[in-house]
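First, the structure itself, so that you have it in front of you.
Every read-out reported here was derived from the displayed coordinates using simple, explicitly stated rules and does not represent laboratory data. Keep in mind the model is a prediction, meaning the values are calculated, not measured. Here the Cβ positions follow ideal geometry from the backbone for every residue, glycine too, while neighbour counts run over all protein chains shown.
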Number of protein chains: 4
Amino acid sequence: MINVLVWNENRHEKKDEKVRSVYPDGIHGAIAGFLKNEEYKVNTATLDEPEHGLTDVVLKETDVLIWWGHLAHGEVEDSIVEKVKQRVLEGMGLIVLHSGHFSKIFKALMGTSCDLKWREADEKERIWIVDPSHPIAAGLGEYIELEREEMYGEHFDIPAPDELVMVSWFEGGEVFRSGCTYKRGKGKVFYFRPGHETYPTYYQKDIQQVIKNAVQWAKPADLRTPVYGNAKPLEKISVKREGVEK
Amino acid sequence: MINVLVWNENRHEKKDEKVRSVYPDGIHGAIAGFLKNEEYKVNTATLDEPEHGLTDVVLKETDVLIWWGHLAHGEVEDSIVEKVKQRVLEGMGLIVLHSGHFSKIFKALMGTSCDLKWREADEKERIWIVDPSHPIAAGLGEYIELEREEMYGEHFDIPAPDELVMVSWFEGGEVFRSGCTYKRGKGKVFYFRPGHETYPTYYQKDIQQVIKNAVQWAKPADLRTPVYGNAKPLEKISVKREGVEK
Amino acid sequence: MINVLVWNENRHEKKDEKVRSVYPDGIHGAIAGFLKNEEYKVNTATLDEPEHGLTDVVLKETDVLIWWGHLAHGEVEDSIVEKVKQRVLEGMGLIVLHSGHFSKIFKALMGTSCDLKWREADEKERIWIVDPSHPIAAGLGEYIELEREEMYGEHFDIPAPDELVMVSWFEGGEVFRSGCTYKRGKGKVFYFRPGHETYPTYYQKDIQQVIKNAVQWAKPADLRTPVYGNAKPLEKISVKREGVEK
Amino acid sequence: MINVLVWNENRHEKKDEKVRSVYPDGIHGAIAGFLKNEEYKVNTATLDEPEHGLTDVVLKETDVLIWWGHLAHGEVEDSIVEKVKQRVLEGMGLIVLHSGHFSKIFKALMGTSCDLKWREADEKERIWIVDPSHPIAAGLGEYIELEREEMYGEHFDIPAPDELVMVSWFEGGEVFRSGCTYKRGKGKVFYFRPGHETYPTYYQKDIQQVIKNAVQWAKPADLRTPVYGNAKPLEKISVKREGVEK
């Protein structure tokens, strides 16, 4: 049983009729909805809840956290971001979706600006699988086609991913590294590009498959945490002070 | 002409007679000393100078920054760390030495705890080159031997390096990833393990060679900075609102 | 149900009383023995069987192939090596053990000499986990200690591994990249250093755990094989012969 | 002074009037032409010369070999391929262009099929730089545009590159990893996609810049070759036969 927490900013859904019509239960609701049919225990949390719904107890119990944000990255408390980061370093999986590239948590884990090109023009995206035997690509075809999406284009200012799983083609002429894995501490991180709030992207079956696969991939390992700090020698050391072997 | 800035906390040298006897001009002085004989313009800066010697003007003119710190990581101002980070993301090279693994700037760029095992026991270290054709290994033999050094042991909590150049063997039974390269933004980062303040490590020729090589490797590229943000399409998009191709 | 095939040269066991006393059922028998207690269907094959026991039917049914060889790499038929390679590229997992670093199949998949330093001196090896959340390290402690093993030392002439999971420390002063993952085609490859024929290494529980973990990690993905060759366009191309847009 | 050897199959140029009209001096002549203006000593060699122009003496003196082939990969002698491979493993740089992806030398170094999708349809290619501070991208803009090129599409069956420098967008809807670096042994390898024989691609300035940069990047390091084989211990080993410490 994997405990999945779907976190959403949930602001577009309140402010924008169009977004509400696409995601009446919020983006978090849509994602939790298709995951609930699986072997996961799924909860949701949103920005405007106390502690953004990310209390110590909730974080401690979470195996994999899914993150969607856009308008209000700046409103996420630094102290909460720090707690989420510590949990990732301890082993919690993190799946960052779409505009979450600019979230505090993703930038803190990457160490870069995470900037990119973007455009809203109802254009076609085709996400090519470039690592077809990666577990996150399991069961997919050669590409995922999205009839209308926001464009994200290179240069995407991220560290070179540990594994590059997907690259997007955009009708307007750009490419983008759309599926990227990282490890940070003992936690696994997956960035997945699609999911602009005005398009029904998260209802598409192959997009759901990627997120399900990513949850499986990102779940914590059976891990005995390494010991850090001062360490006694495991072998005899012949101390040689002042160059004289004692 | 490469502008190199050697930054040192310079506290051990003030407090500790033993360290002062090994590095009478400070660790920064010793490093600047052997670099000055090369084709670099070399300056130094230390923690207790105004703005830690890292003013906007100084940072802007620096091509490669070398960082040594230990006792007083917490005293480095967050705002200065942020400026250094921005310069790295713009393209400034950064070489982090030894106990600098716990500096704010290294942790901010890595996104991890950067924790490790350590021990001071006057033990032997042998740094093996595992990527012998890497420019940072140019002119070196198969390994570098340090008769007495502090031990750093795995697990070293860093992201998997883009390139692993060196691995240390320690007399007391540990190993360590001692030479690690990363890119962050447009800047190149090299972490190099040795250099405990009570040992004459930075006077050793092959250690100096590594640092000289790393400066060459880390110098900024001839780079036209990518454009980020909203982007016009490069190709015609057939807009398909409401599923109807226009 | 994963079909595992343990392949062993099985020559030392015939020629050398000491090896036979350590591995009375052959190294293949020992490895098959501890895997059989798991959820795998395990078979063995050896060099002196017809087609080295690696017929088309056997290879086709194999999900993960484990390879141990030493004395007689040159006797493995090139045509069989080619078939094994094709199966790896199609998705079969491959686990190469110890002296298998010099096998034809490993060298063909790596593209390098796979050469290294070695010594038989009954010395201690300590295998440090440097990627503690990797599935191949699941359930292990910080290191595996082998009281007596053959030494393999750097430089190990392999491509930089996709993931470096383990690094060995040797009593005689060397280090070695001991646990390395690669992908080749759709197949996953894991190289694992220990297992000299005169030591009871494969009876040690944590060594067995690594091999069990590696089998799980290397099993084929749920994969739809990509299509290669001539491809029709997915989008309309405005043909521009002689620089004139038609 | 870097010794560059441009190798070309040189068959299209003999058989096909259109190719001859684009490259009257052969593709090798065109590439040698723009490199000669630089600080390199440049020679050429072609398939139909004795030993394909790749004698032991020539190979020994070559620092960087550039490879273009297409129709006649199968006519390159295996023994010559083996010599070229050995020189790469010793440190010679290798730049593989376009249809060279299917050359024996590239496949031998990669260990995979190197297969891909392709199409000749006079379509536009836009090569995006995804690693803008890489030395191979020095002096380039954000992308290279080729008005008409052959399409190569994913999945490209190569090992994950050590560094991914460029990704192509194609008008017909595909993407491709177009600039990939590898190390094999002590040699550096760069694969660069463009250069179909019927287009004037190698006359374009930014394409020439990439190849010039790649030659600089791939030139051999100042390297002391590691020692392989049986090695004496560097530290005292307390031999423990039969579990008894002697």
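Normalised by the residues of the stretch B:121-246, what does the relative contact order come to in percent, with Cα pairs under 8 Å and at least six apart?
Once normalised by length, the contact order is 22 percent.
While we're here: Taking springs between alpha-carbon atoms closer than 10 angstrom, which of A:Trp128, A:Trp118, A:Trp169 fluctuates most in the Gaussian network model of chain A?
Maximum among the listed residues: A:Trp118.
For C:Val165, what residues show an amide H to amide H distance below 5 Å, using hydrogens built from the backbone and excluding near sequence neighbours?
C:Gly179, C:Cys180, C:Thr181
Now for a separate question. For chain B, what does -39500 (n - 2.57) per DSSP helix run (n ≥ 4), summed and divided by total residues, give at 222 nm, in deg cm²/dmol to the nearest 500?
-7000 deg cm²/dmol
Something else: What number in nm² do you get for the stretch D:2-144 if you take the convex hull of its Cα atoms and divide its surface by four?
Value for the stretch D:2-144: 9.9 nm².
Looking only at other chains, what is the average number of their beta-carbon atoms within 10 angstrom of each beta-carbon in D:82-94?
Whole-number average of other-chain Cβ neighbours for D:82-94 is 1.
For B:Lys18, which inter-copy label distances result when the label point lies 7 Å beyond Cα on the Cα-to-Cβ vector, reported in nm to one decimal and in ascending order?
4.5, 6.8, 7.7
Separate question: Shortest first and in nm with one decimal, please list how far the B:Glu120 label point sits from its counterparts in the other copies (point 7 Å along Cα→Cβ).
Label-point distances to the other copies, shortest first: 4.5, 5.8, 7.2 nm.
Counting DSSP beta bridges with both partners in chain A, what percentage is antiparallel, nearest 5?
55
Helix A:205-218 against the longest principal axis of chain A: what's the angle in degrees, Cα atoms only, rounded to the nearest 10?
Here the helix axis deviates by roughly 10 degrees.
Highest GNM mean-square fluctuation, chain B, Cα pairs closer than 10 Å: which of B:Val96, B:Val58, B:Val227?
Maximum among the listed residues: B:Val227.
Follow-up. Mean shadow of chain C, computed from the convex hull of its alpha carbons, in nm²?
The Cα convex hull of chain C, projected and averaged over all directions, gives 17.1 nm².
With N set to the residue count of the stretch C:87-197, report its C-alpha Rg divided by 2.2 N^0.38 Å to two decimal places. Don't skip to the answer; put the middle values down first.
Values: Rg = 13.7 Å, N = 111, 2.2 N^0.38 = 13.2 Å.
Normalised Cα radius of gyration, the stretch C:87-197: 1.04.
To the nearest 10 degrees, how steeply does helix A:78-90 sit against the main Cα axis of chain A, on a 0 to 90 scale?
60
Moving on to the next point. In units of 2.2 N^0.38 Å, what is the alpha-carbon radius of gyration of the protein assembly as shown?
Rounded to two decimals, the normalised Rg is 0.93.
Determine how many Å³ per residue the convex hull of the Cα atoms of the stretch D:15-79 encloses.
96
If I fit a long axis through the Cα atoms of helix C:26-36 and take the longest principal axis of the Cα atoms of chain C, what angle between them do I get, 0 to 90°, rounded to 10?
With rounding to tens, the tilt is 70 degrees.
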